[in-house]
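Here's the structure we're looking at; comments come further down.
The values are calculated or read from the model by the stated rules, or taken from the named source; none is laboratory data. Please read these numbers as outputs of a predicted model, since none were measured by experiment. Don't worry about glycine lacking a Cβ; one is built from the backbone with ideal geometry, like all the others, and counts go over all protein chains shown.
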Amino acid sequence: MGVVAKMMECDICERKCLIEPGGYGYCGMYLNREDRIEARYPEHVSVIMVWRIESLPIFHFYPGSRTLVFGTAGCNFDCHYCSNAYLARGYPDDVYMMRLEPRRLVERARQTGCHNIAFAMNEPTVSLDYYLAVSEEARASGFPVGCLTNGYQAERAARLLADASDFINVSVKAFDDDFYRDYVDVEGLGPVLRNVAYYHGRTHLEVTTPIVAGLNDDHILRIAKWLGDIDTSIPWHVFRLLPEYKMADREYPDILQLAGAIREARMFLDHIYFGNFAGSQWLSTYCPCCGRRLIERVGLGGCGAKPVLFDLDGLSCPGCGNPAGISGECVDWHSAETREAV
Ligand SMILES: [Zn+2]
């Protein structure tokens, strides 16, 4: 008698898809093959390019450094306003991907003079095995590695992700379950908050919140307070979202109105940044103790923020001597050493 193939639960993210034999789950990236959950496109990338680390955004880990960014396809969320829906929500078979073994990806980082490596184009949870393999290879070669995530990992995957990451930026998209149900297509934000708290202290953590006009702009104070209760020094990026995908006709958030809410939120957090538009005045890092400007950044539009001045004594404020809340070291992109690396 032959063995009957069975339904399998994918336990990588909190969606916990039940997958039929030969089928795949919501993200399209995990397959039930002979009663095992396997990556459908192992070791394949859709994107590989060089960015400033600030563009991720990560502002407090090796500021000014050069990051090799890579991504695959698929997502376990369906954010209605997604600005990256072609990669995240397209059918993965339609996205051009190429095989790139972890060893070769790390080699590419070396060739392009990068200081670190980040999984940042889509959700790393949907390609967890690949991310873990890249991390191992990267660390063996001396490269820190990190990712941007929606934080919806199940507990085991969250442990693996934290252990494999030197930095993580979690997107906390709103502060109520209704938003997650109505605009993201998951049951709620509980697992996201659980994982933010878990990542804190285990890896360098920053948080991003994309603001969708009229939907979550009134969540700013509540998110800031919740983060501040964990640690007032968590850098928080408020992202002025320009909706695309199913919400392409929606208005853009009003910059001055958001700036007012952010000013109030500063009572809860030391470092709140506000960007994704050219000329932002809210991208520099200030000493939380004496207010001195420690890193001056200019906005380049989009996610771009470029450090133009470091005023630090080691990793401390030259004015009052308090730690600046920076991990690693500052990298001057324009230094001869960095230029020669390319
Ligand atoms: Zn100071």
Qualifying residues in the stretch 293-307 (those that are within 14 Å of the ligand (Cβ to nearest atom) and surrounded by 19 or more Cβ atoms within 10 Å (Cβ to Cβ)) - the one nearest to the chain's Cα centre (by Cα): ILE295
Some residue of the stretch 308-324 being closer than 19 Å to TRP236 by Cα and either of a type in the set (Phe, Trp, Tyr) or within 16 Å of the ligand (Cβ to nearest atom) (or both): yes
Residues being part of a loop (DSSP other than H, G, I, E, B) and of a type in the set (D, E, K, R) - total across the stretch 259-283: 2
Set TRP236, TRP226: member being among the aromatic types (Phe, Trp, Tyr), within 21 Å of CYS287 (Cα to Cα) and at pLDDT 95 or above: TRP236
Residue satisfying all of: in the stretch 257-292; hydroxyl-bearing (Ser, Thr, Tyr) and within 16 Å of the ligand (Cβ to nearest atom); surrounded by the most Cβ atoms within 10 Å (Cβ to Cβ) among these: THR285
Residue in the stretch 94-107 that is among the hydroxyl-bearing types (Ser, Thr, Tyr), in a loop (DSSP other than H, G, I, E, B) and buried (at least 22 other Cβ atoms within 10 Å of the Cβ) present: no
Evaluation of ASP129 against (1) in contact (Cβ under 8 Å) with a residue 60 or more places away in the chain; (2) in a strand (DSSP E or B) (one fails), failing number: (2)
Tally, over the stretch 132-149, of residues that are assigned to a loop (DSSP other than H, G, I, E, B) and among the basic types (Lys, Arg): 0
In the stretch 284-309, residue farthest from LEU242 (Cα to Cα) [restricted to those that are in contact (Cβ under 8 Å) with a residue 40 or more places away in the chain and assigned to a loop (DSSP other than H, G, I, E, B)]: PRO288
Which numbered condition ALA85 misses (of (1) farther than 30 Å from ASP249 by Cα; (2) touching a Phe, Trp or Tyr at 6+ places or on another chain (Cβ under 7 Å); (3) surrounded by fewer than 20 Cβ atoms within 10 Å (Cβ to Cβ)): (1)
Test result for PRO253, more than 16 Å from the ligand (Cβ to nearest atom), touching a residue at least 12 places away in the same chain (Cβ under 8 Å) and in contact with a His (Cβ under 6 Å, 6 or more places away or on another chain): no
Condition met for TYR252 (surrounded by 15 or more Cβ atoms within 10 Å (Cβ to Cβ), of a type in the set (Ser, Thr, Tyr) and within 24 Å of ALA278 (Cα to Cα)): no
